[in-house]
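The values are calculated or read from the model by the stated rules, or taken from the named source; none is laboratory data. What you are looking at is a predicted structure, and each value in this text was computed from that prediction instead of being measured. So basically every Cβ, Gly included, is an ideal-geometry build from the backbone, and we count neighbours across all protein chains shown. Just so you know, the surface numbers come from the protein's heavy atoms only, side chains and all, with ligands and any DNA or RNA stripped out. Shrake-Rupley method; radii C 1.70, N 1.55, O 1.52, S 1.80 Å.
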Amino acid sequence: MKILRNYIDKIKPKFEKGGKYHMFFSTFEAFETFLFVPDTVTKTGSHIRDNMDMKRTMAIVVVATIPALLFGMWNTGYQHFLSIGESPEFWATFFFGFLKVLPIIVVAYVVGLGVEFIFAQMRGHEVNEGFLVSGMLIPLIVPADVPLWMVAVATIFAVVIGKEVFGGTGMNILNPALTTRAFLFFAYPTMMSGDKVWIPGLLKGEGIVDGFSGATVLGQAAQNVSEFTNGVGEKIGGWEMFFGNIPGSIGETSTLAILLGAVILIYTGVASWKIMFSVFAGGAVMGLILNAFAVNEFMALPYWQHLLLGGFAFGAVFMATDPVSGTQTEKGKWIYGFLIGFLAILIRVLNPAYPEGVMLAILLMNVFAPLIDHYVIEGNVRRRMKRMKLTA
Amino acid sequence: MEPLFSTKNLKLLKEPLNDNNPITVQVLGICSALAITVQLKPSIVMALSVLVVLAISNVVISLLRKMIPPRIRIIVQLVVIAAMVILVDEVLQAYAYDVSKQLSVFVGLIITNCIIMGRLEAFAMANKPWPAFLDGIGNAAGYGVILIIVAFFRELLGSGTIYGLQVIPDSFYEAGYANNGLMILPPMALVVVGLIIWIQRGKNQKLIEEN
């Protein structure tokens with residue numbers, strides 16, 4: 001550690017004003033603060049600072065995604081070996097998934113951070129840590145078999161169009177990780193939907209067990225069947241949906257692992273429990289409404305199963321709670337969350353072309369979040385003005 | 001009598017191409033720019049149609065400018081534009097039927113293109129026929145250039161072709177390359193126009209707003 005510190009101090013003057021490599025100052029600064037706690041001291045204004053700076057906040061979110069990530073790795077392997085009719089031991093299963101998922105994580109981080117560094121360099125400001133979380137979320141919301149170059153293209157698009165054009169971290173109106181997924185979904189639908197993409201190796205189709213089907217539960221539900229099965233015909237019930245050993249995007253299948261992450265986020269106060277709770281409440285309400293008017297099997301799907309399926313739980317815990325693109329006011333959080341859950345189930349059931357209603361619902365509400373905040377604040381101002389008039 | 005191509009007249013031609021581009025600076029005519037730029041061929045035809053309509057209606061309105069009663073000027077302008085658009089539409093149907101099919105209602109909708117009404121109202125009503133003609137050509141060219149740039153990228157990335165000819169080799173597709181389906185959808189046209197505006201403002205110091 002000491003050697004590293006000395007080395008950084010030694011090369012620092014070269015990057016400072018007048019130094020030889022001053023043009024690379026923002027890159028240097030990013031690495032320095034990444035390695036050591038910044039020693040800058042506040043000189044004016046408030047001197048009290050929370051220990052939770054952006055890097056620590058981001059780190060906690062990354063930690064919270066780890067249960068979903070580890071489970072996703074195991075499930076990727078599990079689904080693959082199910083499709084070729086083998087059942088190796090736990091570690092072999094996990095390791096297969098690990099090798100499948102790791103490249104996606106590496107690509108998302110390298111490409112995304114690369115774009116961030118280039119922009120920081122061009123604009124001459126420091127590199128922001130916002131991408132640390134996005135880079136972790138992107139691999140969790142794509143199918144395991146997605147080509148890496150597609151992840152790279154989509155990440156560039158999301159960071160440039162979704163974030164940098166608005167001014168970088170903290171200024172974006174849309175969640176960058178979801179922008180990546182939306183781009184992939186609309187740009188390369190054959191690799192992002194259907195019943196072949198969710199299980200590694202199924203597209204190539206080598207050594208697949210006869211009659212194996214890789215359809216997700218939602219894919220089956222859209223066909224109006226009432227009994228769901230996994231690839232080899234075993235029944236999928238409520239427990240499997242909760243535990244998550246079903247086909248789907250890498251990190252979204254296990255509600256259990258996601259809830260573990262939610263506990264970490266709520267305990268540390270990083271994410272808003274109000275948003276999470278109201279997303280689930282909104283989904284349940286819409287599910288109940290659809291159940292009441294059920295004219296087909298999909299509409300009759302029990303409302304609580306909607307909350308366990310697809311990306312619903314993942315979206316509620318990790319996507320909707322994004323502090324930048326979500327609402328800021330406390331009352332606004334209830335409205336915002338409720339509408340996300342409500343719309344997600346509505347899109348999912350009534351528009352079978354888009355089974356992933358959660359993504360579209362969150363992006364839509366991201367756009368409306370500032371409007372909700374505006375009216376909550378206006379309402380507050382009006383109420384207090386009224387009170388002032390009464391006393392005067 | 002000033003020369004035909006005096007600096008003042010040349011400016012009429014040049015300004016709409018960059019500093020005062022109808023699409024990227026005035027943000028007019030966006031609707032058709034989103035709708036017909038999926039492929040290069042219809043975009044070029046559209047650009048030419050708008051060029052013809054705008055140049056000729058500008059001249060006609062400029063000739064009539066002293067005779068048009070101010071209160072009904074908008075109706076007179078619309079009659080002139082509509083007549084021109086119908087002529088262009090008939091010619092397209094006669095000589096380029098498949099492109100005309102592809103453009104469908106958007107040829108007819110040139111009537112409602114804000115660029116044309118805008119130029120007639122703002123320029124032709126107050127200027128002589130020759131400058132009005134140049135202004136028409138300049139603005140239509142500014143519109144067409146953006147249309148063609150957008151269509152080039154959308155066709156290349158969305159369908160792998162340029163002017164209907166495949167340019168991305170089959171070996172790319174075999175190696176796993178896929179056309180970008182989002183490029184074919186209208187939202188992406190808006191993003192591409194936005195990127196052009198971004199680059200243009202980055203390069204052109206005159207367009208940077210004070211705030």
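Structure values in brief
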item: Output for segment A:130-155, where each listed residue is closer than 14 Å to A:Ala108 by Cα and within 12 Å of chain B (Cβ to nearest Cβ); result: A:Val146, A:Pro147, A:Leu148, A:Trp149, A:Met150, A:Val153, A:Ala154
item: Members of segment A:226-264 that are among the aromatic types (Phe, Trp, Tyr) and under 24 Å from the mean Cα position of the chain (by Cα); result: A:Trp239, A:Phe242, A:Phe243
item: Matching residues in segment A:161-175 - criterion: being buried (at least 17 other Cβ atoms within 10 Å of the Cβ) and in a helix (DSSP H, G or I); result: A:Ile161, A:Gly162, A:Glu164
item: Condition check for B:Phe152: away from every other protein chain (no Cβ under 14 Å), in a helix (DSSP H, G or I), open to solvent by 50 Å² or more (accessible area, probe 1.4 Å) and touching a residue at least 40 places away in the same chain (Cβ under 8 Å); result: yes
item: B:Val167 vs. criteria open to solvent by less than 60 Å² (accessible area, probe 1.4 Å), more than 21 Å from B:Leu10 (Cβ to Cβ) and either of a type in the set (Phe, Trp, Tyr) or free of Cβ contacts under 8 Å to residues at least 24 places away in the same chain (or both); result: no
item: Meets criteria (surrounded by fewer than 21 Cβ atoms within 10 Å (Cβ to Cβ), farther than 19 Å from A:Thr57 by Cα and aliphatic (A, V, I, L, M)) for A:Leu113; result: no
item: Criterion violated by B:Ala124 - all others in (1) open to solvent by 40 Å² or more (accessible area, probe 1.4 Å); (2) in contact with a helix residue (DSSP H, G or I) (Cβ under 6 Å, 6 or more places away or on another chain); (3) of a type in the set (Gly, Ala, Ser) satisfied; result: (1)
item: Some residue of segment A:195-207 being under 20 Å from A:Tyr354 (Cα atoms), free of Cβ contacts under 8 Å to residues at least 60 places away in the same chain and away from every other protein chain (no Cβ under 14 Å); result: yes
item: Residue identified as of a type in the set (S, T, N, Q) and under 13 Å from the mean Cα position of the chain (by Cα) among B:Asn204, B:Asn179, B:Asn139; result: B:Asn139
item: Selected residue (only one of A:Leu371, A:Leu363 is farther than 24 Å from A:Asn224 by Cβ, free of Cβ contacts under 8 Å to residues at least 40 places away in the same chain and of a type in the set (A, V, I, L, M)); result: A:Leu371
item: Whichever residue in segment A:207-243 is among the aromatic types (Phe, Trp, Tyr) and not in a helix (DSSP H, G or I) and, among such residues, is most open to solvent (accessible area, probe 1.4 Å); result: A:Phe212
item: Matching residues in segment A:287-301 - criterion: being in contact (Cβ under 8 Å) with a residue 40 or more places away in the chain, out of contact with any Ser or Thr (no Cβ under 8 Å at 6 or more places or on another chain) and either among the basic types (Lys, Arg) or surrounded by fewer than 23 Cβ atoms within 10 Å (Cβ to Cβ) (or both); result: A:Leu290, A:Asn296, A:Phe298, A:Met299
item: Cross-chain or 6+ apart pairs with Cβ under 8 Å, segment A:78-106 first and more than 16 Å from A:Ser249 (Cα to Cα) and modelled with pLDDT under 90, then in a helix (DSSP H, G or I) and among the aliphatic types (A, V, I, L, M); result: none
item: Failed item in (1) out of contact with any Phe, Trp or Tyr (no Cβ under 7 Å at 6 or more places or on another chain); (2) away from chain B (no Cβ under 14 Å); (3) surrounded by fewer than 24 Cβ atoms within 10 Å (Cβ to Cβ), with A:Val127 passing the rest; result: (1)
